[in-house]
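Before I ask anything, here is the structure I am working with.
Every read-out reported here was derived from the displayed coordinates using simple, explicitly stated rules and does not represent laboratory data. What you are looking at is a predicted structure, and each value in this text was computed from that prediction instead of being measured. Because the Cβ atoms are built from the backbone with ideal geometry, glycine has one as well, and the counts that use them run over all protein chains shown.
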Amino acid sequence: MGADVPVIVAEHLTKFYGSSRGVVDLEFEVHAGEVFGYLGPNGAGKSTTIRTMLDFIRPTSGKITVLGLDPTTETPELHRRVGYVPGEFGLYERLTGREYLKTFTALRAGAGADRVEDLARRLALDLDVRIKDLSHGNKRKVGLLQAFMHEPDLLVLDEPTQGLDPLVQQEFYAMIDEARERGATVFLSSHVMPEVERVCDRVAIIREGRLITVDDVGDLKAKALRTVEFHFEGPVPASAFASLASVVDAEQRGDSVLMTVRGPLDEVVKEAARHPVVNIETREPSLEDIFLEAYRNGAEP
Amino acid sequence: MSALLAKAWRDHRRTLIGFGLGLVFTQLLYAAFYPSIKESAADMNAFMERLPEALRELYGNDFASPEGYLRGQLFGELGLILFLVVAIGAGARAIAGEEEARTLDLLLSTPVRRAEVLRAKAIALVGLMTVLGVIAFAAVLVVGPPFDLTVGAAPMAAATLMLVLLAIAFGSIALAIGAWTGHRSTAIAITTAVAVLMYILNALGGTVDALEPLRPLSLLRWYMVPLLLSGGLEWENVLVLAGTSIAAYVVAHARFTRRDLAS
């Protein structure tokens, strides 16, 4: 597959469960080799989108193409090249982790069998414990392991880090980085913004079944609102800043002016320089801010 | 054996060991009681005479011969119930059980088609009931003779085959309902209700003239307890039971390969 052929293409993808909304008219492409974040709160339609990719559910209308294949007809070919971690899943509780993964490597014609031990060591997972005796976090590790072991071309991860402790999360991020380095594509649904910021190249934000944004993480941040606070030697009226084009909102608090700025800070800094400045505090817009703003507006931020 | 089939078969391991041992144990127990039953054959048969005609219709009049004794327990009562319970449980678990336990998503995320999963589950169900049938057959032939409970291997094999086919038919119905709805308890409840209704219909159909025309709707009518162990196989009966299983499988396939799976 050439680098210019998208790995996932959603075309007017729509899914209703009876009369209740799943996703509506989704249009997006995921490019080869990128880590694509899929953001939204619970119930927004993240899992619905993912489940159409793997043919667990069928679109009501529109279609989704994954790795150039139609999930509804070319299912085994597609699944051979995909690693999947569901948002919620059960495991065969009576098996040990090793027996479970042996079953799955067998179902994958042996693919990944040689990587099980190594991945288990990295995730600090004891393979000899019966799954029913594993903690929630350790069960999640088994899920991660079966998705990564066969080095798939596409990783589809639905809220993959829930229940993992911070150290294991770091190891998971390293595994994502390695997947990216070998050219794999990652589709990662999440509502943990720092995680998305840490690993994703591009993100889509989904709200009530509809996409409201698809953009580079960097561009989103550049376009986003940030908070800036200037501490002056004496009181400075907020009105001097409020009239600037890039300032959305300004407020005087004693000797400080607190403002919300969109885009470059140039104008604001030049205006502030007319007064004696003691300190400047500026907070990078987090993806969380962007996300929340997009959600409030329900449109492009 | 494919990885899928190996997996589906392994799912039955505990059921197989548990119910296999249970079968051997109950057959041993029943065989041990046989001599005392036989000694009081006259009393037993007098007792049978007093039973409602419907029950006699089910088990035959003779409770004291080895054949009659086996018809009354392995093929008509405890053994029959055991086989149906195992088959209905296994059938309901096959798809719906995995779906409810949320293990089905991961299983189906491997390079397998839904139809292949369904097929492996169905084959494993047939395998499970067949092995339990072989255990019951062997148990009767091995533990029976020391207690004078002696039946021919050929009629015993034919009767066991009918028992296995009946169990597979009900198991297939449970599998189909589970594959259709995704709900294990629904599959168990409906199939059990159907089995009980069929049992009653067959029992009453023999005596209540008005119900006689409906009797062929009961799978128990084709299982024909009174004729078991008395001769060979009635191919018509074999075909009805096997055909029911095949029809249930076709229905399960039609729906399960197309429907949305529960998350």
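Please give, to one decimal in nm, the separation of the simple spin-label points placed at residue B:131 and residue A:132, each 7 Å out from Cα toward the Cβ.
1.9 nm
Of all DSSP beta bridges located in the range A:82-232, what percent are antiparallel, nearest 5?
45 percent
Please arrange B:113, B:184 by how many other C-beta atoms lie within 10 Å of their C-beta, fewest to most.
B:113, B:184
Can you compute the FRET efficiency between residue A:21 and residue A:94 using 1/(1 + (r/R0)^6), with r the Cβ-Cβ distance and R0 = 35 Å? Round to the nearest 0.05. Please report the intermediate quantities before stating the final value.
Details: r = 38 Å, r/R0 = 1.09.
For residue A:21 and residue A:94, the calculated efficiency is 0.35.
In debye, nearest 20, what is the charge dipole magnitude of the protein assembly as shown about its Cα centre with +1 on Lys and Arg Cβ and -1 on Asp and Glu Cβ, if you could check?
Numbers: 55 positive and 69 negative charges, 289 e Å.
Result for the protein assembly as shown is approximately 1380 debye, rounded to the nearest 20.
Relative to a virtual label point 7 Å from the Cα of residue B:28 in the Cα→beta-carbon direction, which members of the range B:117-153 show backbone nitrogen distances below 19 Å?
The answer is B:132-150.
Quick check: the angle from helix B:78-92's long axis to the longest principal axis of chain B, C-alpha only, nearest 10 degrees?
The helix B:78-92 is inclined about 10 degrees to chain B.
Same structure again: How far apart, in nm, are the 7 Å Cα→Cβ label points at residue A:275 and residue A:31?
It is 4.3 nm.
Inside 10 Å of the C-beta atoms of B:112-121, what's the mean count of C-beta atoms belonging to other chains?
2
Okay, next question. Relative to a virtual label point 7 Å from the Cα of residue A:267 in the Cα→beta-carbon direction, which members of the range A:226-243 show backbone nitrogen distances below 11 Å?
Backbone N within reach: A:241-243.
What is the angle, in °, between the Cα long axis of helix B:114-143 and the longest principal axis of the Cα atoms in chain B? Nearest 10 is fine, range 0 to 90.
The answer is roughly 20 degrees.
Right, next: Taking the beta-carbon count within 10 Å as an exposure proxy, list B:28, A:54 from fewest neighbours to most. Intermediate values should be presented prior to the final figure.
Numbers: B:28 16, A:54 21.
Exposure proxy ranking, most exposed first: B:28, A:54.
So for B:261, B:149, fewest C-beta neighbours within 10 Å to most, what's the order? Let's see the in-between values first.
Working: B:261 19, B:149 24.
Least to most surrounded, the residues fall as B:261, B:149.
Around residue A:199, what is the net charge, scoring Lys/Arg as +1 and Asp/Glu as -1 over all other residues with Cβ under 9 Å from its Cβ?
-2
Another one. Given a cut-off of 20 Å, name the pairs among A:102/A:139; A:102/A:141; A:15/A:63; A:132/B:7; A:15/A:46; A:46/A:223 whose C-alpha atoms lie farther apart than that in the structure shown.
In this structure, A:46/A:223 exceed 20 Å between Cα atoms.
Residue A:239 to residue A:288: FRET efficiency via 1/(1 + (r/R0)^6), r the Cβ-Cβ distance, R0 22 Å, to the nearest 0.05? Please report the intermediate quantities before stating the final value.
On the way: r = 30 Å, r/R0 = 1.36.
My answer for the efficiency is 0.15.
Further question on the same structure: Put +1 on the Cβ of every Lys and Arg and -1 on every Asp and Glu Cβ in chain A; which of A:185, A:44, A:112 then has its Cα farthest towards the positive end of the dipole?
Selected residue: A:112.
I've got another one for you. Does anyone have the angle between helix B:13-39 and the longest principal axis of chain B? Alpha-carbon axes, 0 to 90°, nearest 10?
Between the helix axis and the principal axis of chain B, the angle is about 10 degrees.
When you look at the Cβ of every residue in A:79-86, what mean number of other chain Cβ atoms sits within 10 Å?
Numbers: counts 6, 3, 1, 3, 1, 5, 3, 5.
If you average over the peptide's residues, the count of other-chain Cβ atoms is 3.
Additional query: Positive end of the charge dipole of the range B:2-256 (Lys, Arg +1 and Asp, Glu -1 on Cβ, about the Cα centre): tell me which of B:231, B:103, B:83 has its Cα farthest that way.
It is B:103.
Another one. How many nm is it between the label spots at residue A:253 and residue B:214, if each spot is 7 Å from the Cα in line with the beta carbon?
That separation, rounded to one decimal, is 7.9 nm.
How many Cβ atoms of partner chains, on average, are near each residue of A:96-107 if near means within 10 Å of its Cβ?
3
Also, I was wondering about something else. When Lys and Arg each count +1 and Asp and Glu each count -1, what net charge do the other residues less than 13 Å away from residue A:263, Cβ to Cβ, add up to?
+1
Right, next: Between residue B:138 and residue B:42, what is the FRET efficiency for a Förster distance of 35 Å, r being their Cβ-Cβ separation, to the nearest 0.05?
0.65
Please report, in debye to the nearest 20, how large the charge dipole of the range B:1-141 is about its Cα centre when each Lys and Arg carries +1 at its beta carbon and each Asp and Glu carries -1 there.
The calculated dipole for the range B:1-141 is roughly 760 debye.
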